[in-house]
Amino acid sequence: MNKKRLRLQRRTLPWLLILPHLGGVVLFYVYPFLWSLQYSFRSRNGLSLDVYRDLVQNDAFRLAMRNTALFTGLAVPLLLLVSFAVAMALHLVLKGSRLILHLVILYYAVPSISIAYTWTLLFANSGLFNRGAAFVMGVAPLNWLDGSWLFVPLVSFFLVKYSAYPILILFAGLGAIPGELYEEAEMGGATFWQKTRYLTLPLLAPELGFAAVLGFYFSLRVYKDAYAMFGAYPPKSVYLLQHFMNNNFISLHLERLTAASSLTAVFVAIVILFFFQRNRSAYFPQTEK
């Protein structure tokens, strides 16, 4: 009897502990999303897809979707590349100095508005980059904060601001790879690039997948940084999906807002499930019964 009671307590106690958190998630996230989802199907004639048809034909929505897809497709791979390079340097050269790791995390805590202001100073017409280019190469100043070059300051801001967590994840993954594998590879005559390609990257696939999910999530949060740099109505080349939804919220176009947010949520869920499904065996290892 005591064993059955103890077994029952072990099964129910974890659920009781996470119940307040689950309640908050349902109350503040799941319920509002379901309400907005059903609201997006409302019309004068009942439930219909008129809002979604109008949405996909909206020029501002198309522009925001195109820019967001372009930014995500460019920034996330660069984020993985930069994070992997820094994690490798910390692991191989600096031997994982705790001071460096602390600095990486502390930099993530710097307010975005401070970094955005610094970035506008760096990329201004008389900023550091234009002065350096004029001094070294004698070229005319580039208008980084307008026109076709706008993605450069925004993507570089994204890489600097949001690389902290991917670096730590990849650094931890590198530390978990047994050193004996590299020793055997070296005895077989493998070069550094061969070890990286055939050992490090395959064994680091789960961490890279999780870092990619984080990068995708961060790319949807870059709106506040773009807002700090360019305002609510930025140039067309950096008009993102979050700009579109925020402007529709301010103008009280709730049907269009809920439809856009529902499509975004479904797309995000598909991307996350795709990454986790590809690395399911690593994230949810099966134990023998």
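Tabulated data for the structure shown
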| item | result |
| --- | --- |
| Accessible solvent surface per residue of the range 148-289, calculated while the other protein chains remain in place, 1.4 angstrom probe, Å² | 55 Å² |
| The range 128-261 - convex hull of alpha carbons, volume per residue in Å³ | 162 Å³ |
| Correct choice for mean projected area of the Cα convex hull in nm² that was computed from the model, options [x] 23.7; [y] 16.6; [z] 22.9 | [x] |
| Probe 1.4 Å, all protein chains present, accessible-area order of MET65, MET88, MET187, MET137, largest first | MET187, MET137, MET65, MET88 |
| Given charges at beta-carbon only (K, R positive; D, E negative), |dipole| of the chain in Debye | 1100 debye |
| Exposure ranking of ARG53, ARG221 by accessible area [1.4 Å probe, largest first] | ARG53, ARG221 |
| Phi to ³J(HN,Hα) by Karplus 6.51 cos²θ - 1.76 cosθ + 1.60 over the range 24-35, Hz, x for Gly, Pro | x, 5, 5, 6, 9, 10, 5, 4, x, 5, 5, 5 |
| List ASP50, ASP59, ordered by accessible area with a 1.4 Å probe, largest first | ASP59, ASP50 |
| Top of VAL238, VAL160, VAL266 by mean-square fluctuation, Gaussian network on the chain, Cα under 10 Å | VAL266 |
| Among ILE169, ILE250, ILE105: highest mean-square fluctuation, GNM of the chain, C-alpha pairs under 10 Å | ILE250 |
| Whole-percent carbon and sulfur share, accessible surface of the chain, 1.4 Å | 68 percent |
| Options LEU78, MET65, LEU254, ranked by Cα towards positive dipole end of the chain, top entry (Cβ charges) | LEU254 |
| Summed residue charge, Cβ within 15 Å of GLU255's Cβ, Lys/Arg positive, Asp/Glu negative | +2 |
| Selection from VAL25, PHE151, VAL238 lying farthest towards where the dipole of the chain points positive, charges on Cβ | VAL25 |
| Surface accessible to a 1.4 Å probe, LEU81 within the full protein complex, Å² | 110 Å² |
| Unit charges on C-beta of K, R, D, E only; dipole of the range 161-230, Debye | 480 debye |
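The values are calculated or read from the model by the stated rules, or taken from the named source; none is laboratory data. Because the structure is a prediction, the values reported are computed rather than measured. Neighbour counts are summed over all protein chains in view; Cβ atoms, including those assigned to glycine, are modelled from backbone coordinates with ideal geometry. With ligands, DNA and RNA removed, areas are computed over all heavy atoms of the protein, side chains included. Shrake-Rupley method; radii C 1.70, N 1.55, O 1.52, S 1.80 Å.
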